[in-house]
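Read through the structure below, which is laid out as structure tokens, and then see the notes.
The values are calculated or read from the model by the stated rules, or taken from the named source; none is laboratory data. As the structure is a prediction and not an experimental result, all values here were calculated from the model. Backbone-built Cβ (ideal geometry, glycine too); neighbour counts: all protein chains shown.
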């Protein structure tokens, strides 16, 4: 089990959760943040600091945003646009830096005003 970042994060990218995460498992795409399901230790430190309440325990993701659970994992397991291979397990978000691409689900959302 892991935590998932859902729709409210798109185009917000507050990063409070990144600063709070003790294992550096929250990665930055172009328009949203993603939690690596294998690196997350389920501590929950990220959830209460999210200003837009976009982070949920995997079993608690609201039904309208249920597609974000597999999509969050897809960020790491499938090639992203302009990338030849999946990210897999890069070993920490700080080491990798901003990815600059998103999954098709996130990329397909209209920009927020």
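If residue 38 satisfies every condition in (1) in a loop (DSSP other than H, G, I, E, B); (2) over 18 Å from residue 98 (Cα atoms); (3) modelled with pLDDT of 95 or more but one, which is the exception?
Condition not satisfied by residue 38: (3).
Cβ-Cβ distance below 7 Å, separation of 6 or more or different chains: which pairs start in segment 61-84 with a residue that is touching a residue at least 40 places away in the same chain (Cβ under 8 Å) and end on one that is assigned to a helix (DSSP H, G or I)?
From segment 61-84, the pairs are 61/68; 61/69; 65/7; 68/7; 69/58.
Identify the residue in segment 35-51 that is under 14 Å from the mean Cα position of the chain (by Cα) and under 21 Å from residue 11 (Cα atoms) and, among all such residues, is surrounded by the fewest Cβ atoms within 10 Å (Cβ to Cβ).
The extreme case among them is 47.
Go through segment 19-33 and give me each residue that's under 16 Å from residue 102 (Cβ atoms), in contact (Cβ under 8 Å) with a residue 60 or more places away in the chain and either in contact with a strand residue (DSSP E or B) (Cβ under 8 Å, 6 or more places away or on another chain) or buried (at least 17 other Cβ atoms within 10 Å of the Cβ) (or both).
So the first thing to find is which residues in segment 19-33 are under 16 Å from residue 102 (Cβ atoms), and the list is 26-33.
Next, only the ones that are in contact (Cβ under 8 Å) with a residue 60 or more places away in the chain stay: 26-32.
Within segment 19-33, 26, 27, 28, 29, 31, 32 meet the criteria.
What helices (runs of 4 or more DSSP H), lying completely within segment 42-113, carry at least 2 residues that are under 15 Å from residue 6 (Cβ atoms) and at pLDDT 95 or above? Explain how you work it out, then say what you get.
Working: elements: 68-77, 93-96, 104-107.
Hits in segment 42-113: 68-77, 104-107.
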